[in-house]
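Worksheet: one structure, shown below.
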């Protein structure tokens with residue numbers, strides 16, 4: 001049995017999270033990790049952590065590498081959707097087209113349209129889509145975070161230092 005410690009823990013709660021307004025933002029890739037989806041069918045997936053310009057916010061997004069020719073939606077196949085998203089990242093962030101070494105993605109700055117998502121009673125921002133270079137060029141210049149972070153060094157287990165072992169990525 002836990003005894004009464006006499007504290008008022010409600011006083012120490014963090015204020016409610018307020019998401020960023022939906023819109024276009026400059027973002028910088030903080031980390032990139034090759035992993036796999038949890039649900040069947042299992043697919044390779046790139047997990048990205050993106051720092052939002054001028055804030056101390058990090059937004060996370062997944063890029064599922066689905067090379068199947070089955071229809072996704074709007075008449076497009078999963079392969080076409082995967083190619084489109086990767087192309088948007090390569091072009092929008094100035095990453096060499098086809099670069100599979102995720103460590104070389106880190107630090108690149110591009111643009112993303114963020115939306116607000118509510119799930120299980122929690123509110124967060126998520127990437128709706130990545131911006132073309134022309135749209136990113138119209139955004140304000142990159143601004144370091146309001147709250148200075150320590151220099152970001154991704155953990156070795158979160159960054160791929162080798163290319164994918166097979167050609168289907």
Describe numerically, in nm with one decimal, the distance between label points set 7 Å from Cα along Cα→Cβ at residue 35 and at residue 129. 2.6
Between residue 120 and residue 96, what FRET efficiency comes out of the Förster formula 1/(1 + (r/R0)^6) with R0 = 35 Å and r the beta carbon distance, rounded to 0.05? 0.35
Run the Debye formula on the Cα coordinates of the range 22-148, all scatterers equal and no solvent, and tell me log10 I(q)/I(0) at q = 0.17, 0.18 1/Å. -0.95, -1.06
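Readers should treat all values here as calculations from the given coordinates under stated rules, not as data from a laboratory. Only a predicted model underlies this, so the values are computations on that prediction, with no experimental measurement involved. So basically every Cβ, Gly included, is an ideal-geometry build from the backbone, and we count neighbours across all protein chains shown.
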